[in-house]
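Chemist: Starting off with a structure, shown below.
The values are calculated or read from the model by the stated rules, or taken from the named source; none is laboratory data. In this text, all values refer to a predicted model and were calculated from it rather than measured experimentally. Here the Cβ positions follow ideal geometry from the backbone for every residue, glycine too, while neighbour counts run over all protein chains shown.
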Amino acid sequence: MEPQNKLYVGNFPFSWKEDDLEQAFSEFKDNIVDIKIIYDQFSGRSKGFAFITFDDDAVAAKALEKADTPAGDRTLVVSHARPPAQRSSFDRGDRGDRGERSGRGGGRNGDRQDRGGGDGYRRGGGYGRG
């Protein structure tokens, strides 16, 4: 069985930092091993959730009682953290080996055959005009 000492804490204000979470869980301050707030990689802004790791499963279970605690104009969501889902290589942006690309690929004039006609300005060919 996996250890249950890591909690998911969500729905807190985007402005919160590690100190704010530590204060919200102040009664367990001495048992907190790690606080990891998840930030958006492009904007650098908090996503409003974090993971808190405690040194003991029993303390983490007690900290679960912080669920539904007011946090600014929000209410904290607290639950046991789940292991990350297995992601496919597509999700990671790795498109894998695409192999040799053959064929013309449909670029301008790609596989088209000459159908007659002109360039649109001169008379000649196309649609029976002559």
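Chemist: Which residues, counting only those in region 18-67, are assigned to a loop (DSSP other than H, G, I, E, B), touching a strand residue (DSSP E or B) at 6+ places or on another chain (Cβ under 8 Å) and farther than 23 Å from residue 83 by Cα? It would help to see each step written out before you state the result.
Modeler: Here is the first cut: in region 18-67, the ones assigned to a loop (DSSP other than H, G, I, E, B) are 25, 40-45, 55-56, 67.
Subsequent filtering for residues that are touching a strand residue (DSSP E or B) at 6+ places or on another chain (Cβ under 8 Å) retains 25, 40, 45, 55, 67.
Result: 45, single match.
Chemist: Which residues, taken from region 15-32, are exposed (fewer than 13 other Cβ atoms within 10 Å of the Cβ) and either touching a residue at least 12 places away in the same chain (Cβ under 8 Å) or in contact with a Leu (Cβ under 7 Å, 6 or more places away or on another chain) (or both)?
Modeler: Start the filter on region 15-32 by keeping residues that are exposed (fewer than 13 other Cβ atoms within 10 Å of the Cβ), which leaves 15, 17, 19, 23, 26-27, 29-30.
The answer is 15, 17.
Chemist: With respect to the numbered conditions (1) surrounded by 13 or more Cβ atoms within 10 Å (Cβ to Cβ); (2) closer than 16 Å to residue 16 by Cβ; (3) touching a residue at least 40 places away in the same chain (Cβ under 8 Å); (4) not β-branched (Val, Ile, Thr), which one is the sole condition not fulfilled by residue 54?
Modeler: Result: residue 54 passes all but (2).
Chemist: When you check residue 82 against the structure, is it at pLDDT below 95 and touching a strand residue (DSSP E or B) at 6+ places or on another chain (Cβ under 8 Å), yes or no? If you could, list the steps in order and put the result at the bottom.
Modeler: Working: at pLDDT below 95: yes; touching a strand residue (DSSP E or B) at 6+ places or on another chain (Cβ under 8 Å): yes.
So residue 82 passes the test.
Chemist: Still on this structure, I have one more. Pairs under 7 Å by beta carbon, first residue touching a residue at least 24 places away in the same chain (Cβ under 8 Å) in region 62-76, partner surrounded by 15 or more Cβ atoms within 10 Å (Cβ to Cβ) and among the basic types (Lys, Arg), six or more apart or different chains?
Modeler: Pairs that qualify, where the first residue is touching a residue at least 24 places away in the same chain (Cβ under 8 Å) and the partner is surrounded by 15 or more Cβ atoms within 10 Å (Cβ to Cβ) and among the basic types (Lys, Arg), are 76/66.
Chemist: Residue 60 fails exactly one of the following numbered conditions: (1) buried (at least 18 other Cβ atoms within 10 Å of the Cβ); (2) on the phi > 0 side of the Ramachandran plot; (3) not β-branched (Val, Ile, Thr). What is the number of that condition?
Modeler: (2)
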